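Let me begin by presenting the structure, written as structure tokens, before commenting on it.
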Amino acid sequence: MKQYAIYIGLKDAVSHEQRFDTEKYQSILKNVCRSYHTPFSVHIVEGGYFHDDGTYVDETTLVLTVLDAEPEKVREIAGDLCAFFRQESVMVTESDAEVFFVRETLGK
């Protein structure tokens, strides 16, 4: 099974400022994933990015994890998020994953 991670910075590509609060970006991201009928998880991390012009920014980044999706769907999601979040680019990583689910209940 493949695991994809899409890294989306939250600072605008032109102004280098975060335009909205992080929760607003999370809401947009969740709506995009729902529209693609894609299960996901999201993490908030801090990172840095060098723009094509050499400008460096520290920024909050959302990491979207998607399992077992078609690569083309992952590219479409990444493209939508890049455009919606006004990013120069978003980074996508792909790795093999072994996945299992644990189900357990407590008594009746």
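The values are calculated or read from the model by the stated rules, or taken from the named source; none is laboratory data. Source: prediction; values computed, not measured. Positions of Cβ are backbone-derived with ideal geometry, glycine not excepted, and every protein chain shown enters the neighbour counts.
When the residues of region 1-53 are filtered to those that are within 12 Å of the chain's Cα centre (by Cα), within 16 Å of R86 (Cα to Cα) and aliphatic (A, V, I, L, M), which remaining residue is surrounded by the most Cβ atoms within 10 Å (Cβ to Cβ)? The extreme case among them is I8. Pairs under 8 Å by beta carbon, first residue at pLDDT 95 or above in region 55-70, partner assigned to a strand (DSSP E or B) and among the acidic types (D, E), six or more apart or different chains? Listed pairs, sorted by first residue: D58/E46; E59/E46; T60/E46; T61/E46. Being closer than 17 Å to A13 by Cβ and of a type in the set (A, V, I, L, M, F, W, C): is that true of V74 here? Spelling it out, it is not the case that V74 is closer than 17 Å to A13 by Cβ and of a type in the set (A, V, I, L, M, F, W, C). Candidates are the residues of region 57-108 that are among the charged types (D, E, K, R) and touching a Gly at 6+ places or on another chain (Cβ under 9 Å); the one that is surrounded by the fewest Cβ atoms within 10 Å (Cβ to Cβ) is D58. S35 falls short on exactly one of the conditions (1) more than 16 Å from E17 (Cβ to Cβ); (2) out of contact with any Asp or Glu (no Cβ under 9 Å at 6 or more places or on another chain), and that condition is (2).
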